[in-house]
Amino acid sequence: MNHLFHTKFREMDANSGRNQTTKGIWIAKCVGIEPCTIAMDLDLEGTDGKERGEDDTTFEKQSALFALAVSDIVLINMWCHDIGREQAANKPLLKTVFQVMMRLFSPRKTTLLFVIRDKTKTPFEYLEPVLREDIQKIWDGVPKPQAHKSTPFSDFFSVEVVALSSYEEKEEKFKEEVAQLRQRFFHSISPGGLAGDRRGVVPATGFSFSAQQIWKVIKENKDLDLPAHKVMVATVRCEEIANQKFNQLVFDEDWFTLEEAVQKGPVQGFGKRLSSILGTYLSEYDMEAVYFDEGVRNSKRQLLESKALDFVYPAYTTMLGHLRSKALEDFKVRLEQSLNKGGEFASSVRTSTQSSMLEFDKGCADAAIQQADWDASRVREKLKRDIDAHASSVRSAKLSELNINYEKQLSASLTGPVEALLETGGKDTWTSIRKLLNRETEVAVSKFSAAVAGFELDKDTSTKMTQNLRDYARNVVEKKAREEAANIMIHMKDRFSTVFNYDSDSMPRVWTGKDDIRSITKDARSASLKLLSVMAAIRLEEKPDNIEKLLFSSLMDGTVTVSSSQDGRIADSTDPLASSTWEEVSSKDTLITPVQCKSLWRQFKAETEYSVTQAISAQEAHKRSNNWLPPPWAIMAMIVLGFNEFMLLLKNPLYLMVLFVAFLISKALWVQMDIAGEFQHGTLSGILSISSRFLPTVMDLLRKLAEEAQGNPAPEAPRRPVSVASQSHRNETPPPNTISSSIPESSVSSNFSSLDGDVEYSSPPLRQRRPTNIQEVEPL
């Protein structure tokens, strides 16, 4: 109280021995606590001491009843080891006081603040419920007057419980805890305070008269007599013996050794060693308390045994904890070893669980104490839950690993083939994809079911996992289809380029006059549109649709037209592609909507128009380069206008000889100068090249004729083999199955750029002509 309220009540001097310090009832003003608070020191701590003598505890009961009747808050000191005792815990006192309180006074809501002194290792959460339960039992067992038959305990009292450390052993902590308790007395009568719900408040001016009247009523009551002296002596003496034995147990060397060992790990023979230690001190108690009242002796022995068991119980729980941890670790090791040897999961778990639980049960039997009937079932259940949790964790990891492996296999077996099938874009593309999906899925599900059979899964779980695997396979196909659909424009242009620039034998096309570019373009666009219709929707279900027909009729054939109605609103509704969904195709299976198809086709045609234009230009250039005859009208004009000259030639054969010789010379010059090849690079460049080589070529021909006429041909110049080789190369027939076999010599000389590779084709005569030109320049 002095530490709590900063008062100066007399305290016991431990150096002068243990004796009573407070006589009567003392009051003092609490220092520094607002509002003004009065503290009363009652003669309760020493009321059962030797100074009371034969008066027993009558004054103690009177003082306690006075305190309950006068005070708003009553602090009841109680030693921690007294909780649960009949006498030392003041149970009879409280019982009598409660009974008289109901008979003499009306309810006024007094707060009972139990202060547990010298708290031990026992958690406060365990002590408080026991104390509250004891108080409620006292209240329930008290005979009540008719007026308070159904009055609950809470109408008379409010109970608060706090615990303080030992003042002698932990003085600083004791003072700190008291300081914290002191804070609760500030504004204690405010709502929510310790005495916030008090009733029947007496004004301060009437406190003295009220206290006198209350004491008078208490003194005149005859129900406050004490129990017999013999029982009181037995109670005090047996309690002293029990406290002494308990203190000896606390500082026992064997107990210290055992406790230290059990903190490090499991101790063999733990139960026998601890039972022997407890049995020793209980036997000593029985010997020393044998002559005291049997009822009190047995009661105090039970309290000693209960207190001792509570003291050693943490060591026992620690021992069980070691046994549980060891059994759990053994289970993990056994399970891992069994699985590594190829054992099935479920049977391995059962075998490992049985071995670990048997080992734990043997350990619990060894740790059992004779004096206690402690139940290890809760720890055993926790071990079983831990084993099940670990088994479940390992099962989940193994199943997840299996699932991931089979998902990887499915992904590898489906991704490549599905991509190839989609790029092909044939009529049976989705039929092939469905067959591939069903085949690979069934193979994977079959192997997966066989792999998880050893887990002994329930039917629902097994069905769910296999269904998840099937869903994953379908998602792989759908994901790949969406990826390819996102690149549909690239695929369409590639397909167009393949069909347009290569023939049925996969040979590059050379645009001659015989090629029908319109038909080839239509075929190439049809192939691209076919690819677009394949990738427009996912068709993993065997449901017919008219996507291909609708796209060809709307975009390729152009058969769908808008009626010429005066109402312009009909125009939008008659366009079958003016929609965001396909008929008979769900939105989740739609990859490219009709509107997007229309937009993609428009973009596709714009981007491929250049290739068609280039092909047409190349074909026109080829026709121009190979057409040396004049137009038909010019030929007719020459025949009509030159009829006289033609008749003149027929009448004069000499003219025919001259014309024949001129033809031979022209033909020789034509071949020698490769006039057709020169004009393939342009008219102007051909004229310039021919004009620069005409005179040297004529001189060369005349020289060769003169030498042959003399019969003495001159030795060939060093360049002649090259020229002959060049001439022979021009005259030889190219081998079959080559690009040049199907291309006329005159047409190959023109330049042509392919859309795919931008490859430039040039004529062989041009490559053979260049060395000749170089040698012609050398003599100059």
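The values are calculated or read from the model by the stated rules, or taken from the named source; none is laboratory data. Treat the numbers as computed from the prediction; the structure is a model and nothing was measured. Cβ coordinates were reconstructed from backbone atoms using ideal geometry, including for glycine residues, and neighbour counts include every protein chain displayed. Please note that ligands, DNA and RNA were not included when accessible areas were found on the heavy atoms of the full protein model with its side chains. Shrake-Rupley method; radii C 1.70, N 1.55, O 1.52, S 1.80 Å.
Overview of values
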{"read-out": "L75 long-range amide H proximity, modeled H, under 5 Å", "value": "L113"}
{"read-out": "Accessible surface of Y406 - all protein chains present, 1.4 Å probe, nearest 10 Å²", "value": "30"}
{"read-out": "Stretchable slack from R482 to A261, in nm (0.36 nm times residue separation minus alpha-carbon distance)", "value": "72.8 nm"}
{"read-out": "Heavy-atom SASA rank of I189, I277 (probe 1.4 Å, accessible area, largest first)", "value": "I189, I277"}
{"read-out": "Protein-only accessible surface order, largest first, of K95, K408 at 1.4 Å", "value": "K408, K95"}
{"read-out": "Accessible solvent surface per residue of region 262-327, calculated while the other protein chains remain in place, 1.4 angstrom probe, Å²", "value": "50"}
{"read-out": "Using a Förster distance of 56 Å, the FRET efficiency for V661-K514 (Cβ separation, nearest 0.05)", "value": "0.90"}
{"read-out": "Difference of contour (0.36 nm per residue) and Cα-Cα distance, D503 to L701", "value": "66.8 nm"}
{"read-out": "Inter-probe distance in nm under a simple model that places probes 7 Å from Cα toward Cβ, at A420 and K144", "value": "9.1"}
{"read-out": "Full-extension gain in nm, K447 to R378, via 0.36 nm per residue minus C-alpha separation", "value": "20.6 nm"}
{"read-out": "3J(HN,Hα) from dihedral phi, region 550-555, Karplus parametrisation 6.51/-1.76/1.60, rounded to Hz, x for glycine, proline", "value": "5, 5, 5, 6, 8, 9"}
{"read-out": "Efficiency of FRET from Cβ geometry, I635 and S553, R₀ 45 Å, rounded to 0.05", "value": "0.40"}
{"read-out": "Residues of type lysines that K514 reaches as a straight line, Cα spacing below 21 Å, ignoring anything fewer than 8 places off in the same chain", "value": "K522, K623"}
{"read-out": "W26 accessible area, assembled protein chains, probe 1.4 Å, Å²", "value": "140"}
{"read-out": "Spacing of the two label points (7 Å from each Cα toward its C-beta) at N652 and A668, in nm", "value": "2.5"}
{"read-out": "Amide H contacts of I369 (H built 1.01 Å from N, under 5 Å, at least 5 apart or other chain)", "value": "W374"}
{"read-out": "Protein accessible area in region 468-523, 1.4 Å probe - carbon and sulfur %", "value": "44"}
{"read-out": "Of K530/K605; K95/K144; K435/K480; K245/K300; K121/K175; K341/K464, pairs whose Cα-Cα distance is over 22 Å", "value": "K341/K464"}
{"read-out": "Neighbourhood charge, 14 Å Cβ-Cβ cut-off, centred on R385 and excluding it, Lys, Arg +1 and Asp, Glu -1", "value": "+2"}
